[in-house]
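Comments concern the structure below.
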Amino acid sequence: MSYNLLKGKRGIIFGALDENSIAWKTAERVFEEGGNFVLTNAPVAMRMGAINELAEKTNTQVIPADATSLEDLENLVEKATEILGGKIDFVLHSIGMSVNVRKGRHYTDLNYDWSQKGWDVSALSFHKVMQTLYKKDAMSEWGSIVALTYMAAQRVFPDYNDMADNKAYLESIARSFGYFFGRDKKVRVNTISQSPTPTTAGKGVKGFDGFIEYADKMSPLGNASAQECADYTVSLFSDLTKKVTLQNLYHDGGFSNVGVSDLVMEKFIDEE
Ligand SMILES: NC(=O)c1ccc[n+]([C@@H]2O[C@H](COP(=O)([O-])OP(=O)(O)OC[C@H]3O[C@@H](n4cnc5c(N)ncnc54)[C@H](O)[C@@H]3O)[C@@H](O)[C@H]2O)c1
């Protein structure tokens, strides 16, 4: 169902890799709500080609940009404002990658060059995106910037590895930059802390299949899907949430506030 919540708004959506990506679902949903946007991803991700399908479906263009490169980001922002015909109203940062996770390096045995790369891609890139937009004065007043995060920033999830630290850093950037963006340009900045979701990045975490089921059993409303995350993001891009800023917003079916659930306890009670 469409409510035209984003009619006339212009945006940039980072991170649609394939149809499972949270950014992919968000782009489709934003399109339904009347938003115009450009899609972007790292040049290496383009090789898979799927993003062009999404661009066609949502009647838009893809501008390649490595989110760690200021030069790429400057080019992206310039082209996006040109193509869309004005300042930007919404931005989705949906980017994450840990080389240590990919290569199966344990948290107690990190390769620090890989940690730095993962930190740059997953956390610092958010600062780089915002600094580029800020310096170019490319955001409209009452615009909205959202990045995706995970609860391992607050609690221990051993297999999330150095991504936990990257997410803590990302959330801090949202608050710190959000302060200046709010004060100077009336732009809001928030992070959405999403349930485990079966995407390329999600499934790359060790033990994902068991964990997604555990999270589902712990959450009174069940895990939040990528589609539901897209809905929530649309609400944060819309004019209905103008004074929500500097927040880390849990979108997890209640998981983050549950100590233990009946469904999880059942297993142990049966064994007594
Ligand atoms: N899947 C989950 O369980 C889950 C849960 C909570 C939060 N998140 C977060 O959601 C976001 C989106 O991930 P997803 O689950 O949709 O997976 P995904 O693998 O579909 O998306 C990750 C994206 O990051 C992009 N990327 C990697 N390096 C980049 C670079 N240098 N420059 C630009 N883009 C780059 C990839 O190309 C890809 O499109 C990430 O921040 C992730 O940490 C995911």
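The values are calculated or read from the model by the stated rules, or taken from the named source; none is laboratory data. It should be emphasised that the depicted structure is a prediction, and the values quoted were computed from it without experimental measurement. Every residue, glycine as well, gets a Cβ built from its backbone with ideal geometry; the counts of neighbours run over all protein chains shown.
Tell me whether segment 4-19 contains one or more residues that are within 13 Å of the ligand (Cβ to nearest atom) and either in a helix (DSSP H, G or I) or surrounded by fewer than 19 Cβ atoms within 10 Å (Cβ to Cβ) (or both).
Checked segment 4-19: at least one residue is within 13 Å of the ligand (Cβ to nearest atom) and either in a helix (DSSP H, G or I) or surrounded by fewer than 19 Cβ atoms within 10 Å (Cβ to Cβ) (or both).
If only one of I95, I63 is closer than 24 Å to Q227 by Cβ and buried (at least 18 other Cβ atoms within 10 Å of the Cβ), which one is it?
When all the criteria are applied, what remains is I95.
Could you check V156 against (1) away from the ligand (no atom under 13 Å from the Cβ); (2) more than 20 Å from K25 (Cβ to Cβ); (3) assigned to a helix (DSSP H, G or I) and say which number it fails?
(3)
Which condition does R47 not pass, out of (1) surrounded by 16 or more Cβ atoms within 10 Å (Cβ to Cβ); (2) free of Cβ contacts under 8 Å to residues at least 12 places away in the same chain, if it passes all the others?
(1)
Would you please list the contacts, defined by Cβ atoms under 6 Å and residues six or more apart or on different chains, that run from a residue in segment 170-197 that is farther than 27 Å from E213 by Cα and within 16 Å of the ligand (Cβ to nearest atom) to a residue that is among the hydrophobic types (A, V, I, L, M, F, W, C) and at pLDDT below 95?
Taking only residues 6 or more apart or on different chains, not a single pair turns up.
Mind checking which pairs have a first residue in segment 61-90 that is over 22 Å from G35 (Cα atoms) and a second that is outside any helix (DSSP H, G or I), Cβ under 6 Å, 6 or more apart or different chains?
D66/A42; A67/I95; D72/A65; D72/D66
Which of the residues that make up segment 224-272 are β-branched (V, I, T) and over 19 Å from F14 (Cβ atoms)?
Within segment 224-272, T241, V244, T245, V258, V260, V264, I269 meet the criteria.
I'd like to check something: does segment 78-86 contain any residue that is in contact with a Leu (Cβ under 9 Å, 6 or more places away or on another chain) and within 14 Å of I12 (Cβ to Cβ)?
no
For the condition within 30 Å of G86 (Cα to Cα), out of contact with any strand residue (DSSP E or B) (no Cβ under 7 Å at 6 or more places or on another chain) and either among the acidic types (D, E) or at pLDDT below 95 (or both), what is the one hit in D216, D184, D162, D209?
After applying the criteria, what remains is D184.
How many residues does segment 238-265 hold that are within 26 Å of G143 (Cβ to Cβ), hydrophobic (A, V, I, L, M, F, W, C) and assigned to a helix (DSSP H, G or I)?
1
Counting only residues that are within 17 Å of the chain's Cα centre (by Cα) and among the aromatic types (F, W, Y), which one in segment 198-249 is farthest from the ligand (Cβ to nearest atom)?
Only one residue tops the list, namely F237.
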